[in-house]
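Input: a single structure, listed below in structure tokens.
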Amino acid sequence: MKPSPTVHTRSRRLLSFGLALVTLAAVAMLLNACASNPVTGRSQLMLVSESAAISASRQAYAEMLAPAREEGRIDSDPRTKRRVLAISERVVAQAVRYRPETADWDWQIAVIDAPDTINAFAMAGGQMAIYTGIIDQLDLTDDELAQIIGHEIAHALSSHSAEKMSVALASNLALATYAATGTRSDVALTGAALAAMVAIQLPNSRQMEAEADRIGIELAARAGYRPEAAASLWAKMADQAGSRHPVFLSTHPAPQSRQRDLAALASQMQPLYQQARRGPLPTHPVR
């Protein structure tokens, strides 16, 4: 016996009602998952707590470095490692002034021997890495290297890893609700997922970069590194981008206005830099 049209109608209504409840629950969860950026105060989506992001990043960091470590490409040049550590310890000391609780983070930076890789990154909890390619190919001065390290530390201070993990989780949640209708193929759903990620992440990425630029240049200035080096660093990055696309630019978008904005920030940071030059500069342990 076939179900009557009325049964079909009721089933559709129940399904629609159920999906509406799921959607409302999802929206409520997202609205209740907002938190303020610990440095700038900007509202952030935080489905993933910072402590959870730090725990996950610790494991991911070890796994990411494992192949290079097995090949002897981690901290293989003692001179470069000492240089990177000396700069990092001064900049991290200023980061701890921003957020005193980060004094308990396991701050560390790995120098990865990869001459062709122009990249650097920081994860939640102060897990950082920099590739020799970005140091050597851009012929970085200490001031420019401090800008990169300060920028990456700023990402960590601002809980950007937790925010990006939360965006990914929210995108998957939205996709699951969308898939429950059963009206799209797997191929279409893949496209929807990609579209959702692009639509949600690109604006956040610009915000994150602006925050990291602003915080990073201040950290470096307070640590005694010339703030105008931020603009010269991105001028070098632009030259490299002319011949090929550095990995760094895949995660750190470089709008044409960036050098202009950094030059303006540098002028604002000059008093902090001049003050830093007058006194002893604190350091914080980094390994």
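The values are calculated or read from the model by the stated rules, or taken from the named source; none is laboratory data. Note that the structure is a prediction, hence the values are computed from the model and not measured. Neighbour counts run over all protein chains shown; Cβ positions are idealised from the backbone, glycine included. Each accessible area value is taken on the protein alone, full model and side chains, heavy atoms only, with ligands, DNA and RNA left out. Shrake-Rupley method; radii C 1.70, N 1.55, O 1.52, S 1.80 Å.
When you check Ser88 against the structure, is it touching a residue at least 24 places away in the same chain (Cβ under 8 Å), in a helix (DSSP H, G or I) and among the hydroxyl-bearing types (Ser, Thr, Tyr), yes or no? Spell out the reasoning first.
On the way: touching a residue at least 24 places away in the same chain (Cβ under 8 Å): yes; in a helix (DSSP H, G or I): yes; among the hydroxyl-bearing types (Ser, Thr, Tyr): yes.
For Ser88, the condition - touching a residue at least 24 places away in the same chain (Cβ under 8 Å), in a helix (DSSP H, G or I) and among the hydroxyl-bearing types (Ser, Thr, Tyr) - is met.
Within the range 91-143, how many residues are over 15 Å from Ile74 (Cβ atoms), assigned to a loop (DSSP other than H, G, I, E, B) and open to solvent by 40 Å² or more (accessible area, probe 1.4 Å)?
Going through the range 91-143, the residues over 15 Å from Ile74 (Cβ atoms) turn out to be 91-107, 116, 118, 122-126, 134, 136-143.
Checking which are assigned to a loop (DSSP other than H, G, I, E, B) leaves us with 99, 105-107, 116, 118, 124-126, 138-141.
After this cut, where a residue has to be open to solvent by 40 Å² or more (accessible area, probe 1.4 Å) as well, the list is 106, 116, 139, 141.
Qualifying residue count for the region: 4.
Count, please, the residues in the range 127-149 that happen to be among the acidic types (Asp, Glu) and without any contact (Cβ under 8 Å) to a residue 40 or more places away in the chain. Explain how you work it out, then say what you get.
Of all residues in the range 127-149, those among the acidic types (Asp, Glu) come to 136, 139, 142-144.
Next, only the ones that are without any contact (Cβ under 8 Å) to a residue 40 or more places away in the chain stay: 136.
Within the range 127-149, residues that are among the acidic types (Asp, Glu) and without any contact (Cβ under 8 Å) to a residue 40 or more places away in the chain number 1.
From the list Arg184, Arg214, pick out the single residue that is open to solvent by 20 Å² or more (accessible area, probe 1.4 Å), modelled with pLDDT under 85 and among the charged types (D, E, K, R). Spell out the reasoning first.
Numbers: Arg214 fails: modelled with pLDDT under 85.
Only one candidate passes the filter, namely Arg184.
So, of the residues in the range 260-287 that are aliphatic (A, V, I, L, M) and within 20 Å of Val84 (Cα to Cα), which turns out to be most open to solvent (accessible area, probe 1.4 Å)? Steps first, please.
Filtering the range 260-287 for residues aliphatic (A, V, I, L, M) gives 262-266, 269, 272, 276, 281, 286.
With the extra rule that they be within 20 Å of Val84 (Cα to Cα), the set shrinks to 276, 281, 286.
On the way: Ala276: 12, Leu281: 63, Val286: 13 Å².
Among residues in the range 260-287 that are aliphatic (A, V, I, L, M) and within 20 Å of Val84 (Cα to Cα), the one most open to solvent (accessible area, probe 1.4 Å) is Leu281.
Filter the range 260-287 down to residues that are of a type in the set (A, V, I, L, M, F, W, C) and within 21 Å of Arg99 (Cβ to Cβ), then give me how many there are. Walk me through how you get there before you give the answer.
Pass one, the range 260-287, residues of a type in the set (A, V, I, L, M, F, W, C): 262-266, 269, 272, 276, 281, 286.
With within 21 Å of Arg99 (Cβ to Cβ) added as a condition, the list becomes 265, 269, 272, 276, 281, 286.
Matching residues across the range 260-287 total 6.
With respect to the numbered conditions (1) open to solvent by 50 Å² or more (accessible area, probe 1.4 Å); (2) at pLDDT 85 or above, which one is the sole condition not fulfilled by Tyr61?
Failed condition: (1).
Can you pull out the residues in the range 70-85 that are surrounded by fewer than 14 Cβ atoms within 10 Å (Cβ to Cβ) and assigned to a helix (DSSP H, G or I)?
Within the range 70-85, Glu70, Pro78, Arg79, Arg82 qualify.
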